[in-house]
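Asker: The following block contains the structure, expressed as structure tokens.
The values are calculated or read from the model by the stated rules, or taken from the named source; none is laboratory data. Just so it is clear, the structure is predicted and the values come from calculations on it, not from any experiment. Backbone-built Cβ (ideal geometry, glycine too); neighbour counts: all protein chains shown.
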Amino acid sequence: MREMEMTKRHSSARTMVLFACISVLIIGLFACDDRKDGSSAHSGKLRLSLTADTTSLKKGVNSNLTKAVSDEFQKFLTVEDYQIRIVTDKDTVKSYDRFDKMPSEIELPEGAYTIVASKGNDLPAAFENPYFEGSTAFTVKDGMSTRLDMTCTLGNARVTVESTDDFNKVYTDYNVDLKTALMDTVFRIKKKDEVRPAYLQVVTEGTDTNITVYVKKAGDTDSTAVHVQTPLKLERRQNVRLILKLSDGNQGVGLDVMLDDELTYLPVDTKIPEYMYKPMGDAELRPIHFEDGDEKETRPGSYDSNAIVHFNMQGGVSSLVIKITKDNEDPDIFDITTTEGAAVAAAKNFKWSKTDDPEKAVTDPVTEKWMEGYIFLGTAINSLEAPLAVDETYLYKFEFSGKDATGKEHESNNLTYNIIMQNASAPIIIEKGSLPLSIVEGDELSDEVEYVLEASGLIDKDVTSLTINEQAYNLSTDATTLKDSYGINTRFDSEAKAVITFTKSFSAMLTAPDAGSKDYKFVVTLKDKNGKEKFLEKVISVYAPVFTFDTNEGAAFAKRVVLHGTIQKGDPKKLNFICNGTVANISDIVLDDQTYQAVLTGLEPNSSYTLLAKYNNKDNRKSQAVTVTTEEANTFVPNAGFEEWSIAPDANGSILEGAPEPSGLGKSPNDPPGRFWEIWQPWTGEDTKGWNTNNAYTTQDGGFSISSWMRYIATSAVIKEAGKDGSAALIRTVGWGSGSTAALTSGNMGTVKNCTPGELYLDMDVKDTRFGKDIISRPTALSFDYKYVRKNKDTFIAKLTAWNQNGDVITNTVLEEGLATPTETWSNQKLVVNYSVSSGLMKAERIRISFISGTSTSKDDLLIYPSGANLTRGEYVGSQLYIDNVELIYE
């Protein structure tokens, strides 16, 4: 293990001390004053020795981990890259990104401090995410040197899940959910395929952890939840093994926990413990295959609508009541969460299940452990008593209500379903499914719809018919016509039963006028041989599709065309786009409100294309054709590789990178000294001009007065640097301005008057209010290579802006913050340019590309300081963005 230790410097003689004091005083006249930059006249020094210990809290399973045997903790034994912070009770005094970059000795004003060293990310919960930390408080006294020996240890808790062989024979799958107050959501370990250790954030005094285990046996659809009844307190440095095993109770699930080298049994139960209760939403009942308040007519044995009541109560079920009222008689009321109520419901042929599969239905009472389930009504309805009189009916009113088990009195909504039970001898028409009230021409039904005609008095085939808009079709003799003309199938299963089937394609065969709608009236007439009749009437309104095709020249890019318009009636997915007489292959159509958009790709630049839109590919439902010409693929970006650089001449005409010596010190402004700063320019001549910078701004305070020739007064924010290939642009956040100073000692910050992010932008004429460079085509993306070094959470900006000939912005696309990530190696990034249909998709006349080193203007985010009492080339530098190989993409 490498150990880095600061060493104290010693003065050798009183004369040396006197000489040093005089030197500091003289230098301070030209550079900075320790009293002006906030340093204290009373100070001491700090030396730090740092080590790391990977053993666990109680010297358990991890006690023998070393570099050689543990890849998991190996990198944490190396302390050179630990981050260091020195803080007071109010603020961070000093910080270092790496321990090996920290001075061997630090001077601090008198006072109380805490030093913190850390490595890794302290996240609420994550896999393979160790976080090591060490901290200690110390006091600095005037003239004294303080030595600290600090050890960093695991700052979070390591958690793994395992199970015994016997447990795995019974349960084929399981998940473990962990939740602490530090997490926004539950953290799940899917043990079936998860072998990585999880690391949980833990506070110093320990953090309570809620644990729920979900187990599933072979063949089971649902998992059973088992809850740890008391939260488990986890501490830092702990190695936690959760061991699932078989147990006599609680669904056969037991849980041991090994905290380092101590084994503890955690009590579990399928009951939700009180500490895990959270505010629940209202208990909910939802109808399936019927609507709340619906009325359905049927007869015994003929109901086949598969009506289901779905209940959802995340706090568990306390009561689930069914109430049945026949006409004006006293209702039957029973609660299927009780043994007595479940028995009554079962006798009436109700069944229920945790899934929507009736084959898995049960009649046992619903318990508070149920959070979701389904009540099946079909068999119960078919078992209702029917009247004896020929013309008599019974009205059965079904009502459903419930309450959850949280003890918070969360009551469900009520559902009602009315059944009209006909006498068995009366003709009846039973609906299976429902026809829509309206459609757009070309729409298909989502499912087939059937009408079952039953007559115990036998069907009179001469009269029984389907009438469509006053045209009667006999179900027996006109079956072929109904199928061919309307997609309606008819059949007779017996003399007492006929079936009319409206196929999915039925509705697509109905046509609308050129505009507006047309009503189709369907009347089913059922007559038995006793003269009894039954009628059913349905009306469907068929609307003409209403859409526009608004594609114009502005929608044509170099290699693509944005097809767009509005659709007031119809399905945008039924739109077909014709390109030069051929149906175009469009992968996706996006709808935003009533505006649709699709992209036709694979086109040639500077070529003409004739386009139109059709609905359902029908010639009578098409738009006017438009002809557009694609743009040229103009990929030229001047000095895209940043190989061409120059330096603006100084007052003496010099284009050197700063003066070789501080000549002219003390001379008058009429006799200027050489400067130690320069204004970099990303061009060498007119043929390479295009890019500009804010260097003139950050060097404006440079001049000929004392100190104004130093780099921390005036420095270029954008400079030439080694690139991925050849040269690159280094865009820096810099400190500058008249009155800036260097500190007396190295590693400290003096006075910084201004802190400005550097900017590199494609735009030479900054006084032109339109901005940008002339362009003849719009790119679809901007590609560039970059590196980025930052302090704290600064983030760089990459932006592309384009204007039309009227000076209106047609796009202002900025790289998403999540993509502007730090990297010390060259990476390629692509900025996809957005052109909004709502803005008109207009041609571009000018374009501006901009790269900015960061958003922070705080001197706390500066990375580099001038060396102590620096009078020459010292500068303040913060975030650094390297840019190379800028390219416009046309796809």
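Asker: Going residue by residue through the stretch 376-391, is there one that turns out to be part of a helix (DSSP H, G or I) and small (Gly, Ala, Ser)?
Answerer: Looking through the stretch 376-391, at least one residue is part of a helix (DSSP H, G or I) and small (Gly, Ala, Ser).
Asker: So in the stretch 455-473, with the set limited to residues that are in contact (Cβ under 8 Å) with a residue 60 or more places away in the chain and outside any strand (DSSP E or B), which one is surrounded by the fewest Cβ atoms within 10 Å (Cβ to Cβ)?
Answerer: Only one residue tops the list, namely Leu458.
Asker: Hey, could you check the stretch 693-707 for residues that are among the small types (Gly, Ala, Ser) and either assigned to a loop (DSSP other than H, G, I, E, B) or at pLDDT below 90 (or both) and say which is surrounded by the most Cβ atoms within 10 Å (Cβ to Cβ)?
Answerer: Across the stretch 693-707, the extreme among qualifying residues is Gly702.
Asker: Separate question: Which members of the stretch 535-550 meet the condition of being surrounded by 17 or more Cβ atoms within 10 Å (Cβ to Cβ), of a type outside the set (Ser, Thr, Tyr) and in contact (Cβ under 8 Å) with a residue 24 or more places away in the chain?
Answerer: Answer for the stretch 535-550, where residues must be surrounded by 17 or more Cβ atoms within 10 Å (Cβ to Cβ), of a type outside the set (Ser, Thr, Tyr) and in contact (Cβ under 8 Å) with a residue 24 or more places away in the chain: Leu536, Lys538, Ile540, Val542, Ala544, Pro545, Phe547, Phe549.
Asker: Still on this structure, I have one more. Mind listing whichever residues of the stretch 513-534 are buried (at least 16 other Cβ atoms within 10 Å of the Cβ) and modelled with pLDDT under 90?
Answerer: Answer for the stretch 513-534, where residues must be buried (at least 16 other Cβ atoms within 10 Å of the Cβ) and modelled with pLDDT under 90: Asp528, Lys532.
Asker: Restricting the search to the stretch 551-580, which residues are buried (at least 19 other Cβ atoms within 10 Å of the Cβ) and charged (D, E, K, R)?
Answerer: The answer is Lys559, Lys574.
Asker: Here's a follow-up. So how many residues does the stretch 672-688 have that are touching a Phe, Trp or Tyr at 6+ places or on another chain (Cβ under 9 Å) and at pLDDT 90 or above?
Answerer: Result for the stretch 672-688: 5.
Asker: Count, please, the residues in the stretch 808-847 that happen to be under 19 Å from Gly758 (Cα atoms) and surrounded by 19 or more Cβ atoms within 10 Å (Cβ to Cβ).
Answerer: Residues flagged as under 19 Å from Gly758 (Cα atoms) and surrounded by 19 or more Cβ atoms within 10 Å (Cβ to Cβ) within the stretch 808-847 amount to 2.
Asker: Oh, and also: In the stretch 331-369, which residues are surrounded by fewer than 17 Cβ atoms within 10 Å (Cβ to Cβ), of a type in the set (S, T, N, Q) and part of a loop (DSSP other than H, G, I, E, B)?
Answerer: Listed by number, the residues that qualify are Thr338, Asn349, Thr355, Thr363, Thr367.
Asker: Out of the residues in the stretch 156-181 meeting the condition of being under 30 Å from Val79 (Cβ atoms), in contact with an Asp or Glu (Cβ under 9 Å, 6 or more places away or on another chain) and not charged (D, E, K, R), tell me which one is surrounded by the most Cβ atoms within 10 Å (Cβ to Cβ).
Answerer: Checked the stretch 156-181; the qualifying residue surrounded by the most Cβ atoms within 10 Å (Cβ to Cβ) is Asn156.
Asker: Can you confirm whether Asn792 is touching a helix residue (DSSP H, G or I) at 6+ places or on another chain (Cβ under 9 Å) and at positive phi?
Answerer: Spelling it out, Asn792 is indeed touching a helix residue (DSSP H, G or I) at 6+ places or on another chain (Cβ under 9 Å) and at positive phi.
Asker: Tell me the strands (runs of 3 or more DSSP E) entirely within the stretch 793-891 that contain at least 3 residues that are farther than 26 Å from Glu632 by Cβ.
Answerer: So the answer is 823-832, 876-889.
Asker: Right, another one. Checking the condition free of Cβ contacts under 8 Å to residues at least 60 places away in the same chain and in a helix (DSSP H, G or I), which residue from Lys573, Lys521 passes?
Answerer: On inspection, the qualifying residue turns out to be Lys573.
Asker: OK, next. Pick from Ser485, Ser476, Ser507: which is surrounded by fewer than 17 Cβ atoms within 10 Å (Cβ to Cβ), of a type in the set (S, T, N, Q), within 30 Å of Lys614 (Cα to Cα) and modelled with pLDDT under 95?
Answerer: Every option except Ser485 fails the conditions.
Asker: Report whether or not Tyr609 is hydroxyl-bearing (Ser, Thr, Tyr), in a strand (DSSP E or B), closer than 20 Å to Ser777 by Cα and in contact with a strand residue (DSSP E or B) (Cβ under 8 Å, 6 or more places away or on another chain).
Answerer: yes
Asker: If only one of Asp142, Asp173 is in the same structural domain as Gln74 (by TED's automatic domain parsing) and among the acidic types (Asp, Glu), which one is it?
Answerer: That would be Asp142, the only listed residue that is in the same structural domain as Gln74 (by TED's automatic domain parsing) and among the acidic types (Asp, Glu).
Asker: A further question follows. Only one of Thr209, Thr153 is surrounded by 13 or more Cβ atoms within 10 Å (Cβ to Cβ), closer than 24 Å to Lys369 by Cβ and modelled with pLDDT of 90 or more. Can you tell me which?
Answerer: Answer to the selection: Thr209.
Asker: Can you find a residue that is surrounded by fewer than 17 Cβ atoms within 10 Å (Cβ to Cβ), over 30 Å from Ser708 (Cα atoms) and aromatic (Phe, Trp, Tyr) anywhere in the stretch 779-796?
Answerer: No, the conditions are met nowhere in the stretch 779-796.
Asker: Could you tell me whether Ser401 is closer than 19 Å to Ala283 by Cβ, modelled with pLDDT under 90 and either assigned to a strand (DSSP E or B) or in contact with a helix residue (DSSP H, G or I) (Cβ under 9 Å, 6 or more places away or on another chain) (or both)?
Answerer: So Ser401 fails the test.
Asker: Residue by residue through the stretch 114-137, note down the ones that are under 22 Å from Lys791 (Cα atoms) and over 33 Å from the mean Cα position of the chain (by Cα).
Answerer: Matches in the stretch 114-137: Thr114, Ile115, Gly134, Ser135.
Asker: Being surrounded by 15 or more Cβ atoms within 10 Å (Cβ to Cβ) and assigned to a loop (DSSP other than H, G, I, E, B), is that true of even one residue in the stretch 587-598?
Answerer: Among the residues of the stretch 587-598, not one is surrounded by 15 or more Cβ atoms within 10 Å (Cβ to Cβ) and assigned to a loop (DSSP other than H, G, I, E, B), which makes the answer no.
Asker: Considering only residues that are more than 26 Å from Lys843 (Cα to Cα) and in a strand (DSSP E or B), which ones fall in the stretch 542-570?
Answerer: Matches in the stretch 542-570: Val542, Tyr543, Val546, Gln568, Lys569.
Residue-by-condition table, conditions (1) in contact with a Lys or Arg (Cβ under 7 Å, 6 or more places away or on another chain); (2) surrounded by fewer than 21 Cβ atoms within 10 Å (Cβ to Cβ); (3) among the aliphatic types (A, V, I, L, M):
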{"residue": "Lys216", "(1), (2), (3)": "no, yes, no"}
{"residue": "Ser223", "(1), (2), (3)": "yes, yes, no"}
{"residue": "Leu234", "(1), (2), (3)": "no, no, yes"}
{"residue": "Leu244", "(1), (2), (3)": "no, no, yes"}
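Asker: When you scan the stretch 124-150, how many residues do you find that are surrounded by 15 or more Cβ atoms within 10 Å (Cβ to Cβ) and closer than 30 Å to Lys179 by Cα?
Answerer: Qualifying residue count, the stretch 124-150: 10.
Asker: Which one is nearest to Ala405 (Cα to Cα) among residues in the stretch 306-315 that are at pLDDT below 90 and either within 31 Å of the chain's Cα centre (by Cα) or surrounded by 21 or more Cβ atoms within 10 Å (Cβ to Cβ) (or both)?
Answerer: Gly315
Asker: Give the stretch 136-168 a look and list any residue that's over 23 Å from Gly206 (Cα atoms) and of a type in the set (A, V, I, L, M), or say none.
Answerer: Result: Val140, Met144, Leu148.
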